[in-house]
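*Asks:* Take this structure, written in structure tokens, and hold onto it; I'll ask about it next.
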Amino acid sequence: MLQITDLHYRYPTSTSAQLTVPSFSLEAGRHAIILGPSGCGKSTLLHLLAAILTPQQGSLHVAGTDLRALTPRQADAWRGRTVGFLPQKLALIPSLSVFENLTVAAYATGRAPEIVRATELLAALGLADKATAKPHALSQGQQQRAAIARAMFNRPALLLADEPTANLDDASCSASIGLLNTQAAAVGASLVIATHDARVLAALPDAAVLRLGGTA
Ligand code: ADP
Ligand code: ADP
């Protein structure tokens, strides 16, 4: 699922040290935790795995694709087919309903959205009665579940989650990781979580761990 070799990335606008990622590989269907302190490059690595950013050095294969060989247009198409992304700030579109937040990506690709899929996902995530609500009318936990539903809508091979347990109490933390795990398993996806939260290690004891930034 993932093969990372000698990977280096530096933001074009940045003078700070480049991100260096240890070599790492992950079999299909297995989960991984990217662990390290704030600022060590976890979000950056997730964006590299999603082909949103392109490394300057090294090799990066995700779900059988050499990401460095893709043109920007191919990367967009590949990402839409392959990757579900749960951003730290959720990034639900405030003017759209929960249902529309799930299906909007399908419109962007010119395909008709699968209404049944959206309805089933919202039900599975306990949001059946929130489909027509706007994100601001949902609790924080409900908003995260809506964002998980959106990430899973296209049945991705890879589910990327950025700090999904930030600011959550222990019960909500377990619930959140449990949902991500269940949803990934439902479509056979690999789950990759970027976090500085050691509770995630306990919640996913079988996950491979990729440590960034040395001492975490
Ligand atoms: P983490 O997710 O582990 O907190 P990030 O990947 O967000 O770390 O950031 C890694 C480093 O890259 C930090 O030093 C951060 O300030 C820097 N950085 C993040 N985004 C940008 C950007 N768009 N341009 C320049 N530097 C950035
Ligand atoms: P930060 O932690 O740096 O504030 P977020 O965790 O809010 O950033 O992540 C927002 C970023 O995640 C966006 O800039 C975008 O690059 C990426 N992103 C979020 N959702 C998607 C998606 N569905 N597909 C591709 N990229 C996404």
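*Asks:* Counting alpha carbon pairs within less than 8 Å and at least 6 residues apart, what relative contact order, in whole percent, applies to the chain?
*Replies:* It comes to 30 percent, rounded to a whole number.
*Asks:* Next question. Could you work out how far the C-alpha centroid of the stretch 105-139 sits from that of the stretch 1-73, in angstrom?
*Replies:* Taking the Cα centre of each part, the stretch 105-139 and the stretch 1-73 sit 30 Å apart.
*Asks:* Taking only the alpha carbons of the stretch 94-157, what extent do you get along each of the three principal axes, in Å, biggest first?
*Replies:* Over the stretch 94-157, Cα extents along the principal axes are 31, 23, 18 Å.
*Asks:* What's the angle, to the nearest 10 degrees (0 to 90), between helix 170-187's Cα axis and the longest principal axis of the chain?
*Replies:* 90
*Asks:* Can you compute the helix-only [θ] at 222 nm over the chain? Use -39500 (n - 2.57) per DSSP H run of at least 4 residues, normalise by all residues, nearest 500 deg cm²/dmol.
*Replies:* Calculated mean residue ellipticity at 222 nm is -10500 deg cm²/dmol.
*Asks:* How far is helix 115-124 tilted, in degrees, relative to the longest principal axis of the Cα atoms in the chain, given as a value from 0 to 90 rounded to the nearest 10?
*Replies:* 80
*Asks:* Using the Karplus curve 6.51 cos²θ - 1.76 cosθ + 1.60 with θ = phi - 60°, what ³J(HN,Hα) values do you get for each residue of the stretch 73-83, in whole Hz, with x for Gly and Pro?
*Replies:* 5, 5, 4, 4, 5, 4, 4, x, 7, 10, 10
*Asks:* To two decimal places, what compactness ratio does the chain give when its Cα radius of gyration is scaled by 2.2 N^0.38 Å?
*Replies:* Working it through for the chain, the quotient is 1.00.
Bear in mind these aren't lab numbers, they're just calculated from the coordinates by the rules spelled out. Everything quoted here is computed from the prediction, not taken from an experiment.
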